[in-house]
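Asks: So that we are looking at the same thing, I have put the structure below in structure tokens.
Every read-out reported here was derived from the displayed coordinates using simple, explicitly stated rules and does not represent laboratory data. Just so it is clear, the structure is predicted and the values come from calculations on it, not from any experiment. Cβ placement follows ideal geometry from the backbone for every residue including glycine, while neighbour counts extend to all protein chains displayed.
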Amino acid sequence: MGRTATFRSLILATAVIASGTLVSADWNEGLAAFNAENYQVAGEHFTEIIRTNPSWAGGYYMLGRCQSKLNQGIQAVESLRKAYDLGPSDADVVIAYSQALMSEDKFAETREVLESADTGTMTPVLRSQASILLAEALLGEDDAMAAVEVLEECLGEEKADPAIYRTLGKAQAETGDREGAMRSFAKAFELDPDELSGEAAIRTALSLAGAVLDAEKKTHWYRQALHVAAQLATSFPSAEHDLMAGRAALGAQEFEAAEQSFLAALSKNENDAEAWYFLGRSFSGLDRDDEAYDAYSAALDATPDDTLTRRIHGRMGQIAACSLDLETAVGHYRSAQKAERAQEIQTLATQFAGALAQLEQLRATVHEIQQMERQLDELGDVQGVNAMRERAAAERTKIDEIEDNLGAVRSALCR
């Protein structure tokens, strides 16, 4: 029989001995109503029990639990305080009283109750609950280091408990030990996958990746984030989790995996500007700049905030500049509020205006030739198609020559 069940049996027996069939009936009806989640009716029965048995801890204990379920926090604290005063050694009362105190942010009182409790006599489950509550009370008192010590001591005594690892991760984060926090959140997620632990592990790993300069360490943390994020996105499908997985993959330079994650996010919300932006970055990583530019355009159509808008224009400016479409690049850099970069490219555009104009004309000519080729192909004019292909090849040779001459300019622009 579990510890809580044992306690209930004992207080039931006490009730029968103390007051006979009347209290027994109230207790049984109250317990039935409690188990049926009819806490108002249950509370009325337990109120009657303590009216006739004001020195019995069991009645106050169950009344306090009903009040907690009804979000009557202050009343629950008072009822459970009486139960605690009458039975301070009972683990169920200690835990319930501590939970009620924590719900009212009474951190010091919670700590005092738990520090005086004999946790050595508690079952492993209750001992873990006591350690977590004590740690949370210490966190409430801004003593994260002490909270870490309490939880690590409990982990040394008990089997791995995901709830302890979750709280430990929170405490470690508050001490500034982000690496420890990431490991704890990841362990909690491994033992019992849940959204909060998974998200906390990923965000912590991403923050660690963003904080280091060493490329190897940065990649390590992005991969750690991706390991959890891939499982989270599978276990709890959502656009947000797809985005997390994509960002981790992008940071780890696993661009194909990133592309798939961002496409999955967009399949759930096609108007997500951030997903379009990161998809564009994935395409750029795969040297698919035309697709990247289109993704960035879609991101702008999705009405991003001002900060993201500037970032998008910066990326589009880079692509346009690298393809020597300098006037377009200047416009994007101005929209990105990168005036110095826009002026630099404007100067180059002026300096190489003749070559760039010729390049633009040649590209337009190639486009016209390709249209003519398609028309002739539809008419079945094989000779005409071949002639158009030869003309297009000749024009492309001229384009290549100009681009080779502008190679130094391109190197300066593709950054």
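Asks: Using the charge dipole of the chain (Lys, Arg: +1 at Cβ; Asp, Glu: -1 at Cβ; taken about the Cα centre), state which of LEU266, PHE185, GLN370 has its Cα farthest towards the positive end.
Replies: PHE185
Asks: May I pose another question? What share of all Cα pairs of the stretch 362-408, in percent, falls into each consecutive 5 Å distance bin?
Replies: Here the calculated profile for the stretch 362-408 is 5, 25, 25, 17, 13, 7, 5, 2, 1.
Asks: Further question: Give the separation of the Cα centroids, the stretch 229-253 to the stretch 336-405, in Å.
Replies: 40
Asks: Here's something else I'd like to know. Please report the net charge: other residues with Cβ closer than 12 Å to the Cβ of GLU104, K and R +1, D and E -1. Please report the intermediate quantities before stating the final value.
Replies: Details: positive: ARG81, LYS106; negative: GLU78, ASP105, GLU109.
Net charge around GLU104: -1.
Asks: A further question on this structure: Could you list ILE399, ILE312 so that the one with the fewest beta carbons within 10 Å of its beta carbon is first and the one with the most is last? Intermediate values should be presented prior to the final figure.
Replies: Values: ILE399 16, ILE312 26.
The most exposed by this proxy come first: ILE399, ILE312.
Asks: To make sure I understand, if each residue's beta carbon is the centre and we count other beta carbons within 10 Å, what order do LEU243, LEU114 fall in, fewest to most? Kindly include the intermediate steps, with their values, before the conclusion.
Replies: Numbers: LEU243 23, LEU114 26.
Lowest count first: LEU243, LEU114.
Asks: So, one more: To the nearest 10 degrees, how steep is helix 178-191 against the longest Cα principal axis of the chain, on a 0 to 90 scale?
Replies: The helix 178-191 is inclined about 70 degrees to the chain.
Asks: Given +1 on the Cβ of Lys and Arg, -1 on the Cβ of Asp and Glu, and no further charges, what dipole in debye does the stretch 249-322 carry about its Cα centre, rounded to the nearest 20? Show your work: numbers first, answer last.
Replies: Working: 6 positive and 14 negative charges, 43 e Å.
My answer is approximately 200 debye.
Asks: Local charge sum around LEU286 (other residues, Cβ-Cβ under 9 Å, Lys/Arg +1, Asp/Glu -1)?
Replies: Numbers: positive: ARG288; negative: GLU256, GLU259, ASP287, GLU291.
That works out to -3.
Asks: Also, I was wondering about something else. Along the Cα→Cβ direction, 7 angstrom out, place labels at ASN269 and LYS69. What is the inter-label distance in nm?
Replies: Each label point is offset 7 Å from its Cα along the Cβ direction, giving 3.6 nm.
Asks: Between the helical axis of 326-335 and the dominant principal axis of the chain, each derived from Cα atoms, what acute angle in degrees is found, rounded to the nearest 10?
Replies: With rounding to tens, the tilt is 30 degrees.
Asks: Here's another thing I want to ask about it. For the chain, take the longest principal axis of its alpha carbons; what is the angle in degrees between that and the long axis of helix 353-379, to the nearest 10 within 0 to 90?
Replies: 90
Asks: Say R0 is 60 Å: what FRET efficiency, to the nearest 0.05, do GLU153 and ARG310 get from their beta-carbon distance?
Replies: Numbers: r = 49 Å, r/R0 = 0.82.
According to the calculation, E is roughly 0.75.
Asks: Let me ask something additional. Quick one: if you take sqrt(5λ) for each eigenvalue of the C-alpha gyration tensor of the stretch 291-387, what semi-axes come out, biggest first, whole angstrom?
Replies: On the way: eigenvalues 240, 78, 9 Å².
The equivalent ellipsoid of the stretch 291-387 has semi-axes of 35, 20, 7 Å.
Asks: On to the next question. Between the stretch 284-335 and the stretch 177-208, what is the C-alpha centre distance in whole Å?
Replies: The distance from the Cα centre of the stretch 284-335 to that of the stretch 177-208 comes to 34 Å.
Asks: Right, something else. State, as an integer percentage, the relative contact order of the chain based on alpha-carbon contacts under 8 Å between residues 6 or more apart.
Replies: Numbers: 529 pairs, mean separation 22.7, N = 415.
In percent, rounded to a whole number, it is 5.
Asks: For MET388, what is the net charge nearby, where nearby means another residue's Cβ is under 11 Å from its Cβ and Lys, Arg count +1, Asp, Glu -1? The partial results should precede the final answer.
Replies: Details: positive: ARG374, ARG389, ARG391; negative: GLU368, GLU373, ASP377, ASP381, GLU390, GLU395.
Around MET388, the charge tally is -3.
Asks: If you check each cysteine of the chain for another cysteine whose beta-carbon is under 4.7 Å away, which ones come up empty?
Replies: Within the chain, the cysteines lacking a partner Cβ under 4.7 Å are CYS66, CYS154.
Asks: Next up: Would you mind computing, in nm to one decimal, how far apart the modelled labels at ASN386 and MET372 are, each placed 7 Å from Cα along Cα→Cβ?
Replies: Calculated label separation equals 1.7 nm.
Asks: Two-decimal Rg/Rh of the stretch 50-144 from alpha-carbon positions, Kirkwood Rh? Present the calculation step by step, with values, prior to reporting the outcome.
Replies: Details: Rg = 12.8 Å, Rh = 13.2 Å.
Using Cα coordinates only, the ratio equals 0.97.
Asks: Using Cα pairs under 8 angstrom and six or more residues apart, how large is the relative contact order of the stretch 281-379, in percent? Show your work: numbers first, answer last.
Replies: Working: 66 pairs, mean separation 15.9, N = 99.
That works out to 16 percent.
Asks: Could I ask something else about it? Take each of the peptides 32-42, 261-271, average the number of other beta-carbon atoms within 10 Å over its residues, and list them starting from the highest. Don't skip to the answer; put the middle values down first.
Replies: Values: 32-42: 14.5, 261-271: 18.5.
In descending order of packing, they fall as 261-271, 32-42.
Asks: For a quick protection proxy, order the peptides 128-140, 384-396 by their average other-Cβ count within 10 Å, most packed first.
Replies: Packing order, densest peptide first, comes out as 128-140, 384-396.
Asks: A further question follows. Candidates (i) 70, 23, 18; (ii) 30, 26, 25; (iii) 84, 26, 18; which is the computed semi-axes √(5λ) of the Cα gyration tensor in Å?
Replies: It is the value labelled (i).
Asks: Fully extended, how many nm does the chain gain between ARG288 and ALA364 (0.36 nm per residue separation, minus their Cα-Cα distance)?
Replies: Between ARG288 and ALA364, full extension yields an extra 25.2 nm.
Asks: Dipole of the stretch 362-408, Cα-centred, from +1 at each Lys and Arg C-beta and -1 at each Asp and Glu C-beta, to the nearest 20 debye?
Replies: Numbers: 6 positive and 11 negative charges, 9 e Å.
Charge dipole of the stretch 362-408: 40 debye, to the nearest 20.
Asks: What order do you get for ARG410, ARG178 when you list them from fewest to most C-beta neighbours inside 10 Å? Let's see the in-between values first.
Replies: Numbers: ARG410 14, ARG178 17.
By the 10 Å Cβ count, ascending: ARG410, ARG178.
Asks: While we're on this one: Taking +1 at the Cβ of each Lys and Arg and -1 at the Cβ of each Asp and Glu, which of ALA245, GLY59, GLY384 sits farthest along the dipole of the chain towards its positive end, judged by Cα position relative to the Cα centre?
Replies: So the residue we want is GLY59.
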